[in-house]
């Protein structure tokens, strides 16, 4: 982390308590980078009048080196595929089209296996403090009956936990469109609001594509913060709470539409975890 701080022109003192990090990623993940707090790719921290504040000023942050890991899904041969070529035959054969019901199909899934934060102790040794595991699923609607658009869903999930006597304060996962892919337009998103509770309960997350839907459920504990941006497809979800000795998770979904023959959307992710003592 000292090398990261140096490349980002951060003062040596900022990351002095952050010993190192271990990133375990599959070969399918590309362009792994660290990003500084920019009000977008980290949990938005609101100060007066809603303006972002420096994470180092947040008492919940163990130090000022609160950086996000950003990564891209790897290019795939199917990225340029026309996911609904059935539309051409449907135009010439309405009866055949009527016989084929729309359905949602999972076309990709993978995980950034683990981001492990470590602290450097006074004797120079390093100890793991917390981790974040983030995964995703990509879905497309088949036989949607629309000759102008194709409809896609992105599901983003994270689970985080602490080691030993350390605690997690927050963790999250965000997604946004990769500019290397086609333009996308908002269709739906879920959840549509943050939620606070003092227990753990199952929460349903589902989005509507065109004629079908993609849904799932996960265990929501304490506070889940939802950040939905004006930019189509850009959204993040964070768990936030006090000291806990149990794993916590977040999950959200977006649905977007893409012009026919434009190929599949391409995505970038960011993930982070904050820890304390």
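The values are calculated or read from the model by the stated rules, or taken from the named source; none is laboratory data. In this text, all values refer to a predicted model and were calculated from it rather than measured experimentally. With ideal geometry, Cβ positions are generated from the backbone for all residues, glycine too; neighbour counts draw on all protein chains shown.
Test residue 140 against the stated conditions and say whether it is in contact (Cβ under 8 Å) with a residue 40 or more places away in the chain and under 15 Å from residue 235 (Cβ atoms). Please lay out each step first, then the result.
Details: in contact (Cβ under 8 Å) with a residue 40 or more places away in the chain: yes; under 15 Å from residue 235 (Cβ atoms): no.
Criteria not met by residue 140.
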* Asked: Of (1) in a strand (DSSP E or B); (2) buried (at least 18 other Cβ atoms within 10 Å of the Cβ); (3) under 17 Å from the mean Cα position of the chain (by Cα), residue 233 satisfies all except one. Which?
  -> (1)
* Structure fact -> Picked from the range 122-138 (must be within 19 Å of residue 274 (Cβ to Cβ) and surrounded by fewer than 17 Cβ atoms within 10 Å (Cβ to Cβ)), the residue farthest from the chain's Cα centre (by Cα) is 126
* Residue check: is residue 198 crowded, with 17+ Cβ neighbours inside 10 Å, assigned to a strand (DSSP E or B) and more than 18 Å from the chain's Cα centre (by Cα)? -> no
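Give the residue, chosen from 213, 217, 202, that is modelled with pLDDT under 95 and farther than 28 Å from residue 29 by Cα. Working first, answer last.
Values: 213 fails: farther than 28 Å from residue 29 by Cα; 217 fails: farther than 28 Å from residue 29 by Cα.
The unique qualifying residue is 202.
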* Of 147, 165, 192, which residue is touching a helix residue (DSSP H, G or I) at 6+ places or on another chain (Cβ under 6 Å) and either assigned to a loop (DSSP other than H, G, I, E, B) or within 23 Å of residue 229 (Cβ to Cβ) (or both)? -> 147
* Structure fact -> Filtering the range 96-106 down to residues that are surrounded by fewer than 16 Cβ atoms within 10 Å (Cβ to Cβ) and at pLDDT 90 or above yields 103, 105, 106
* To do: May I ask you to say which residue of 240, 234 is modelled with pLDDT of 90 or more and touching a strand residue (DSSP E or B) at 6+ places or on another chain (Cβ under 7 Å)?
  => 234
